1. Can you tell me which residue is nearest to the chain's Cα centre (by Cα) among those in the range 65-105 that are over 10 Å from residue 144 (Cβ atoms) and of a type in the set (D, E, K, R)?
2. With 91, 119 as the choices, which residue is among the β-branched types (Val, Ile, Thr) and surrounded by fewer than 17 Cβ atoms within 10 Å (Cβ to Cβ)?
3. Filter the range 6-41 down to residues that are part of a strand (DSSP E or B), closer than 20 Å to residue 97 by Cα and not aliphatic (A, V, I, L, M), then give me how many there are.
4. List pairs: first residue in the range 28-40 and more than 18 Å from residue 135 (Cβ to Cβ), second residue of a type in the set (Phe, Trp, Tyr) anywhere in the structure, Cβ distance under 9 angstrom, at least six positions apart or on different chains.
5. Condition first: buried (at least 16 other Cβ atoms within 10 Å of the Cβ), part of a loop (DSSP other than H, G, I, E, B) and either acidic (Asp, Glu) or modelled with pLDDT under 95 (or both). Can you find one or more residues in the range 67-88 that meet it?
6. In the list 45, 60, 64, 103, which residue meets the criterion of being of a type outside the set (Val, Ile, Thr), in contact (Cβ under 8 Å) with a residue 40 or more places away in the chain and either loosely packed, with under 14 Cβ neighbours inside 10 Å or more than 20 Å from residue 17 (Cβ to Cβ) (or both)?
Amino acid sequence: MNADGKAKELGLDLTHSAGPVANYVPAVTTGKLVYLSGKGPTRPDGTLVLGKVGADLNVDEAYDAARLVGIQLLAALREHLGGSLDSVSRVIKLLGMVNCTPDFGEQPKVINGCSDLLVAVFGENGKHARSAVGMGSLPNQIPVEIEMIVELK
């Protein structure tokens, strides 16, 4: 099954990509690579998930927030590519940033929310290189921000 079909089967709404909040573009293509700007956890109603992981959110809640970020990244990518994910060859890299308390050490488990979604949509081609790091704060006090690089066919 192609990526668009898999996203539909999973019930993902990829029609509401949150726009930039400052002076940048959501995605840039150079050659066969698409670089996606960092996205935050936006709910379908447009509101943001807020809070610090380890204080306001537990690992499971933060995982769900990272999954929402994955949906936002896919929506931005789909929009950038003219309405389809089917020209994506593979996901190359994620940079996952977790707004967390100093003693929190489970950043990889949080970013799995996005990684697991990408593998569900793209299969083996959704497996990627990745960094998952802790931050003292993120814009608007969101718990997770993720950047993504994909390769086109």
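The values are calculated or read from the model by the stated rules, or taken from the named source; none is laboratory data. Not measured: the values here are computed from a predicted model. Quick reminder, even Gly has a Cβ in these numbers, built from the backbone with ideal geometry, and neighbours come from all protein chains shown.
1. Going through the qualifying residues, I end up with 93.
2. Numbers: 91 fails: surrounded by fewer than 17 Cβ atoms within 10 Å (Cβ to Cβ).
Going through 91, 119 in turn, just one is among the β-branched types (Val, Ile, Thr) and surrounded by fewer than 17 Cβ atoms within 10 Å (Cβ to Cβ): 119.
3. If we filter the range 6-41 for residues that are part of a strand (DSSP E or B), which is where we start, we get 27-30, 33-39.
Right, trim to closer than 20 Å to residue 97 by Cα and you get 27, 34-39.
Cutting the leftovers down to not aliphatic (A, V, I, L, M) gives us 35, 37-39.
Qualifying residue count for the region: 4.
4. 28/35; 29/35
5. Looking through the range 67-88, none of the residues is buried (at least 16 other Cβ atoms within 10 Å of the Cβ), part of a loop (DSSP other than H, G, I, E, B) and either acidic (Asp, Glu) or modelled with pLDDT under 95 (or both).
6. Working: 45 fails: in contact (Cβ under 8 Å) with a residue 40 or more places away in the chain; 60 fails: in contact (Cβ under 8 Å) with a residue 40 or more places away in the chain; 64 fails: either loosely packed, with under 14 Cβ neighbours inside 10 Å or more than 20 Å from residue 17 (Cβ to Cβ) (or both).
So the residue among 45, 60, 64, 103 that is of a type outside the set (Val, Ile, Thr), in contact (Cβ under 8 Å) with a residue 40 or more places away in the chain and either loosely packed, with under 14 Cβ neighbours inside 10 Å or more than 20 Å from residue 17 (Cβ to Cβ) (or both) is 103.
Here's the yes/no breakdown for (1) under 16 Å from residue 76 (Cα atoms); (2) of a type outside the set (A, V, I, L, M); (3) modelled with pLDDT of 95 or more:
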{"site": "24", "(1), (2), (3)": "yes, yes, no"}
{"site": "35", "(1), (2), (3)": "yes, yes, yes"}
{"site": "45", "(1), (2), (3)": "no, yes, no"}
{"site": "50", "(1), (2), (3)": "no, no, yes"}
{"site": "59", "(1), (2), (3)": "no, no, yes"}
{"site": "64", "(1), (2), (3)": "no, yes, yes"}
